Amino acid sequence: MGIESRCDLVLLSWNHLECTRPCVESILAHTALPSRLIIVDQNSDEETRRYLRGLQSSSTVRVETLFNPTNVGYPKGMNLGLARASAPFVCFLNNDILVPPGWLEELITVAESNPSIGTVCPASNTFDIHPPAGTDWLAYARIRSTQPGQWIEIPYGEGFCLLARTEVMRRIGGFDETTYEQIYFEDADLGRRIQEEGLRCVMAEGTYVWHHGGKTMAHHPDRLRLFEENKRRFLAKWGPQGRHALFVVGSSQPKLETLMQSARSEANRGGKVWIMMNSFFSQTPCRHLEIRIQCSNRWALPWKALWKSLAKKKKFEVIYTDVPWLRWVLTPLRFIHQASIGPIAHLVEQRTFNPLSGVRVPVGPLPPKRP
């Protein structure tokens with residue numbers, strides 16, 4: 001392949017030829033951009049290694065395979081592929097995914113559309129996005145391809161299919177192979193370090209990748225221990241996760257940019273945020289997978305917020321509002337809603353800094369709104 005690669009695709013392989021074969025075939029068949037597929041095999045069984053040794057490059061994808069003598073785990077395996085990367089972009093892949101036509105073009109289009117974007121994942125069942133009943137994943141991918149260039153912020157890029165600029169990955173040191181054992185939480189850790197750079201992790205809405213999920217580790221005898229241990233290490237490194245939060249904004253002139261920044265901070269640390277606000281702000285451009293915005297007129301807003309806080313099955317951990325009587329009513333009802341109550345002013349004053357690094361979060365241009 002004489003054309004310079006636009007992207008190096010780093011794919012980890014460990015046994016499970018029944019997943020690896022269709023995964024590689026879909027990449028070779030549906031990747032039109034000049035690319036290099038770097039397969040890092042983690043000491044798979046002989047059948048899988050024989051298949052990988054016999055792989056041929058396509059007209060657009062050059063195949064290279066690195067055979068490790070042992071399974072070195074996800075972070076180190078991906079970093080071995082990253083060390084070989086020379087293209088402007090690198091995309092990290094699991095061996096249990098299926099990609100549709102145009103998948104890589106769309107990821108790169110989104111990555112280049114905004115300087116605040118650090119990593120891009122495709123829409124996927126991994127994000128609990130599923131095809132409608134009676135529609136297979138490939139047909140659903142064609143439907144989603146009608147909204148090219150659209151993206152939404154996510155807490156972190158999931159490692160099943162994650163694209164980034166090679167220069168950015170090298171600058172932050174790749175995946176953390178010293179803190180985490182084998183697998184789990186290394187992609188969440190990468191997301192935190194991307195955000196410390198002032199960049200966003202986003203999901204491209206114009207393509208869809210199917211992820212079988214959990215195939216590699218489903219029968220691993222150490223799976224539960226690895227998950228719990230790496231979760232402990234992640235929390236020790238980054239502090240507590242974000243909260244289940246409700247912001248009720250009744251004022252017509254809050255410090256909206258800072259408020260949204262606070263909501264993003266909670267959501268990017270793994271929390272889920274509901275923002276109920278005056279309809280005056282119905283055009284507020286804040287698009288995040290874990291932020292829900294509901295607008296009401298100023299008279300109905302407090303009553304709807306009261307009902308939501310009391311009736312919601314999964315309780316809020318914290319409620320911030322600038323409606324004094326709502327705080328007055330909610331305070332003695334804490335035995336029902338179980339949330340801490342605070343004023344919006346406190347939120348705006350106290351959370352203008354990134355709790356991960358102690359520096360102000362560069363917000364950058366906001367995502368495009370849906371037409």
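The values are calculated or read from the model by the stated rules, or taken from the named source; none is laboratory data. Predicted model only: the values in this text are computed from it and were never measured. Virtual Cβ from ideal backbone geometry, glycine too; neighbours counted across all protein chains shown.
Scanning region 40-59 for residues that are without any contact (Cβ under 8 Å) to a residue 40 or more places away in the chain and surrounded by 15 or more Cβ atoms within 10 Å (Cβ to Cβ) yields ASP41, GLN42, ASN43, SER44, THR48, ARG49, TYR51, LEU52, LEU55, SER58.
Within region 144-184, the set of residues being over 25 Å from CYS19 (Cα atoms) and in a helix (DSSP H, G or I) comprises THR166, GLU167, VAL168, MET169, ARG170, ARG171.
Could you tell me whether region 243-257 includes any residue that is at pLDDT 90 or above, assigned to a loop (DSSP other than H, G, I, E, B) and assigned by TED's automatic domain parsing to the domain that holds PRO302? No - not one qualifying residue is present in region 243-257.
Filtered by the rule that a residue be β-branched (Val, Ile, Thr), in contact with a strand residue (DSSP E or B) (Cβ under 7 Å, 6 or more places away or on another chain) and more than 14 Å from GLU105 (Cα to Cα), region 18-34 gives a lone residue, THR20.
Which residue is modelled with the highest pLDDT, if the candidates are limited to region 323-371 and must be in a loop (DSSP other than H, G, I, E, B) and hydrophobic (A, V, I, L, M, F, W, C)?
In this case the residue turns out to be ALA339.
Filtered by the rule that a residue be among the basic types (Lys, Arg) and without any contact (Cβ under 8 Å) to a residue 40 or more places away in the chain, region 176-195 gives a lone residue, ARG193.
Conditions (1) crowded, with 20+ Cβ neighbours inside 10 Å; (2) charged (D, E, K, R), marked per residue:
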site: GLN150; (1), (2): yes, no
site: GLY173; (1), (2): no, no
site: GLU177; (1), (2): no, yes
site: GLU229; (1), (2): no, yes
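Table: residues versus (1) polar (S, T, N, Q); (2) in contact with a helix residue (DSSP H, G or I) (Cβ under 9 Å, 6 or more places away or on another chain); (3) outside the structural domain of LEU190 (by TED's automatic domain parsing); (4) at positive phi.
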{"site": "CYS19", "(1), (2), (3), (4)": "no, no, no, no"}
{"site": "GLU25", "(1), (2), (3), (4)": "no, no, no, no"}
{"site": "ALA29", "(1), (2), (3), (4)": "no, no, no, no"}
{"site": "PRO69", "(1), (2), (3), (4)": "no, no, no, no"}
{"site": "TYR74", "(1), (2), (3), (4)": "no, yes, no, no"}
{"site": "GLY77", "(1), (2), (3), (4)": "no, no, no, no"}
{"site": "ASN95", "(1), (2), (3), (4)": "yes, yes, no, no"}
{"site": "GLU105", "(1), (2), (3), (4)": "no, no, no, no"}
{"site": "PHE127", "(1), (2), (3), (4)": "no, no, no, no"}
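Among the residues of region 301-322, are any outside any loop (DSSP other than H, G, I, E, B), touching a Pro at 6+ places or on another chain (Cβ under 8 Å) and buried (at least 17 other Cβ atoms within 10 Å of the Cβ)? Checked against the condition, which is being outside any loop (DSSP other than H, G, I, E, B), touching a Pro at 6+ places or on another chain (Cβ under 8 Å) and buried (at least 17 other Cβ atoms within 10 Å of the Cβ), region 301-322 yields at least one hit. Cβ-Cβ contacts under 6 Å between residues 6 or more apart (or on different chains), taken from a first residue in region 60-89 that is under 13 Å from ILE183 (Cα atoms) to a second residue that is modelled with pLDDT under 95 and part of a helix (DSSP H, G or I), are listed as TYR74/GLU186; PRO75/GLU186.
Name the residue, out of PRO101, PRO69, PRO88, that is at pLDDT 95 or above, surrounded by fewer than 22 Cβ atoms within 10 Å (Cβ to Cβ) and farther than 22 Å from HIS211 by Cβ. Steps first, please.
Numbers: PRO101 fails: farther than 22 Å from HIS211 by Cβ; PRO69 fails: at pLDDT 95 or above.
Criteria check complete, one pass: PRO88.
Cβ-Cβ contacts under 7 Å between residues 6 or more apart (or on different chains), taken from a first residue in region 221-246 that is more than 27 Å from LYS313 (Cβ to Cβ) to a second residue that is basic (Lys, Arg), are listed as TRP238/ARG192.
Got a number for residues in region 310-322 being closer than 12 Å to HIS244 by Cβ and modelled with pLDDT under 90?
Looking only at region 310-322, we keep the residues that are closer than 12 Å to HIS244 by Cβ, and these are 312-319.
Right, trim to modelled with pLDDT under 90 and you get 312-315.
The total comes to 4.
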